[in-house]
Amino acid sequence: RNDGITYHKENSNLIVLNPDQGFYRTDYIKITPTNIDDKSNVLNDDFQLYHLRMDISAFSGKVNGNSDLNITQEVLGRIETLIKKFESKGKNIIMRFAYDPNFEGSQNTEPISEQTIINHIKQLCPILNKYSLTITAIEAGLIGPYGEMHSSQYANKETISKIIETFLLSTTTIPILVRT
């Protein structure tokens, strides 16, 4: 080719920044009604793409032993601050929210009310929409072990359809990933 670019046939270990592509780093983030783990210290030049597994189990009455809770404005603000830190470093994020404490594969940890799940999606999406260039995709997840949409009282066609529809109606340009 004669376009001024030199192409080499040899293997290279050069890091090529390709947003939304390549290997990603997975990080677990615990979210409680008063706090969120700040994982911005994991940002480095080795990864462009990060998979953030967001544990919102503390908002489930089955986990907190009390009642289902709305996500507080304080915590929503901290989630936004975390996303801004990734954005400021030019990083991309795949996000999955789940009610599985510590992402250990627990069952029956979702909120007591299906409506709480829908409300949580509606609370989160306005913040996520602000960062559509940083957030590569949202994994619908939420229910079942690891938020993988199985082994849950809500893992049925009707509820999964509601979860997907709520994400699709509540997001603007962020792709929503689902399990089959």
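A few comments on the model shown:
- Inside region 128-145, residues that are open to solvent by 20 Å² or more (accessible area, probe 1.4 Å) and either out of contact with any Lys or Arg (no Cβ under 8 Å at 6 or more places or on another chain) or in a loop (DSSP other than H, G, I, E, B) (or both) make up a count of 5.
- Leading residue by the ranking (most open to solvent (accessible area, probe 1.4 Å)) among those in region 50-91 that are of a type in the set (G, A, S) and within 20 Å of P111 (Cα to Cα): G65
- Unmet requirement for N102, which otherwise passes all of (1) polar (S, T, N, Q); (2) more than 15 Å from the chain's Cα centre (by Cα); (3) farther than 23 Å from I174 by Cα: (2)
- Test: I174 is in a helix (DSSP H, G or I) and either in contact with a Ser or Thr (Cβ under 7 Å, 6 or more places away or on another chain) or among the hydrophobic types (A, V, I, L, M, F, W, C) (or both): no
- Scanning region 24-49 for residues that are more than 16 Å from F86 (Cβ to Cβ) and either without any contact (Cβ under 8 Å) to a residue 40 or more places away in the chain or open to solvent by 50 Å² or more (accessible area, probe 1.4 Å) (or both) yields K30, T34, N35.
- Here I79, I118 are screened, and the one residue that is farther than 22 Å from I160 by Cα, at pLDDT 95 or above and within 17 Å of the chain's Cα centre (by Cα) is I79.
The values are calculated or read from the model by the stated rules, or taken from the named source; none is laboratory data. This is a predicted model, so every value here is computed, not measured. Here Cβ is always computed from backbone atoms with ideal geometry, including for glycine, and neighbour counts include all displayed protein chains. Ligands, DNA and RNA are stripped out before the accessible areas are found, and what is left, the full protein with its side chains, is counted by its heavy atoms. Shrake-Rupley method; radii C 1.70, N 1.55, O 1.52, S 1.80 Å.
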